[in-house]
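One structure below.
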Amino acid sequence: GTSILPQYIASFVLPNNPVINNVVVKAAAKLKEISQASAFTEYQTGNTNEVRRQIAAVYGALHAENIVYRSMPSSFETVGQRITLPDQVLSSKLGNCIELTLLFASILESIGINSGIVIQKGHAYLAVWLVDDCCQYSVCDDSSYIEKKCAEGIDEMLVLECTQITSEKTSFEEAQRIAEKNLADTNSFEMYIDIRRCRLEQILPLPQRAQNNGVWELSIDGVN
C-alpha cells in the first residue's frame, strides 16, 4: 500500500498486544546472558552499545521462536498487500519480510526503542534508532539519510534484516550486514517510514481483538 498514505503501515505495529509481553520476557533472559542484567533501559544510559544489546536480545528471543519464512499470503487486493498481525505470526510460526519486520518493531516499541520500516522494491526490513530520536518526517524517500545515521562515527541507527530470525545460523551481526547491503542498493530503495514520528502524527496502533468469555471485544491501548 505504498502508493496511498504509506505511513499507515505504523498502525500494524502493535506494542500493547498481550503476546508481545511473552517475547519481551524471553528477550530479558537473553539480555541477561549478554550483559548480566535483564532490565530494558531503552535510552536511559545514553550508551548506544547498551541499546544495541537490547535489540540483539530481542533478535535472539525471536530467533528462538522457530518462525518459518513464507512468501506473501494469498491475497486478492489490487492495491496493497494482506498482512498477518504480529500475534498471528507468533501463533502460526509463519511470516514474510514485512510481517516479521512489523513484529520486531512491535516488540521494540513495547520496550521503548524507536524504529522504522525500510521499504525497497519487493522487500522490507527494519531500521532502529540507537539514540532517542526520530525522523523529521513520517515518510522519508532519501536512503542517504539512514546511511548517514548508520555510518561509523555517527552510530545513531542500525538496519536489520528481520527475515534472518527464521534462519538457523544467521547471527544478529550478520543480519545487520545483510540489511546494510540492501540499503546500499539505492536503486531498490523506495522509502523509510518512522514509527515514532507516525505516533506523534497520531497514527496509532490498530484496535486489538481479544476473546473474553466467548465474546470478541475490541480495545485501543488496552481500553475496551
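The values are calculated or read from the model by the stated rules, or taken from the named source; none is laboratory data. Predicted, not measured: the structure shown is a model, and the values here were computed from it. Don't worry about glycine lacking a Cβ; one is built from the backbone with ideal geometry, like all the others, and counts go over all protein chains shown. Accessible surface is based on the protein model in full, side chains and every heavy atom, while ligands, DNA and RNA are left aside. Shrake-Rupley method; radii C 1.70, N 1.55, O 1.52, S 1.80 Å.
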Checklist entry - Does CYS150 satisfy the criteria of being closer than 19 Å to PHE104 by Cβ and free of Cβ contacts under 8 Å to residues at least 60 places away in the same chain? => result yes
Checklist entry - If you check ALA61 against the conditions, is it crowded, with 19+ Cβ neighbours inside 10 Å, hydrophobic (A, V, I, L, M, F, W, C), closer than 19 Å to CYS162 by Cα and under 14 Å from the mean Cα position of the chain (by Cα)? => result yes
Item to check | Close pairs from region 93-110: first over 17 Å from CYS134 (Cβ atoms), partner in a helix (DSSP H, G or I) and open to solvent by 10 Å² or more (accessible area, probe 1.4 Å), Cβ under 6 Å, at least 6 apart | outcome: CYS97/THR163; LEU100/THR163; LEU102/PHE12
Checklist entry - Only one of these conditions is not met by SER110: (1) of a type in the set (S, T, N, Q); (2) under 14 Å from VAL13 (Cβ atoms); (3) modelled with pLDDT under 95. Which number is it? => result (3)
Next on the checklist: It is to be established whether one or more residues within region 82-99 are of a type outside the set (Ser, Thr, Tyr), modelled with pLDDT under 95, open to solvent by 60 Å² or more (accessible area, probe 1.4 Å) and more than 23 Å from LEU158 (Cβ to Cβ).
Outcome noted: yes
Checklist outcome for this item: GLU217 vs (1) modelled with pLDDT under 95; (2) out of contact with any Lys or Arg (no Cβ under 8 Å at 6 or more places or on another chain): all pass except (2)
Checklist entry - For residues in region 23-53 being polar (S, T, N, Q), at pLDDT 95 or above and in a helix (DSSP H, G or I), which is least open to solvent (accessible area, probe 1.4 Å)? => result THR48
Checklist outcome for this item: Subset of region 113-162, residues surrounded by 15 or more Cβ atoms within 10 Å (Cβ to Cβ), over 13 Å from ARG52 (Cα atoms) and among the small types (Gly, Ala, Ser), comes to GLY116, ALA124, SER138, SER143
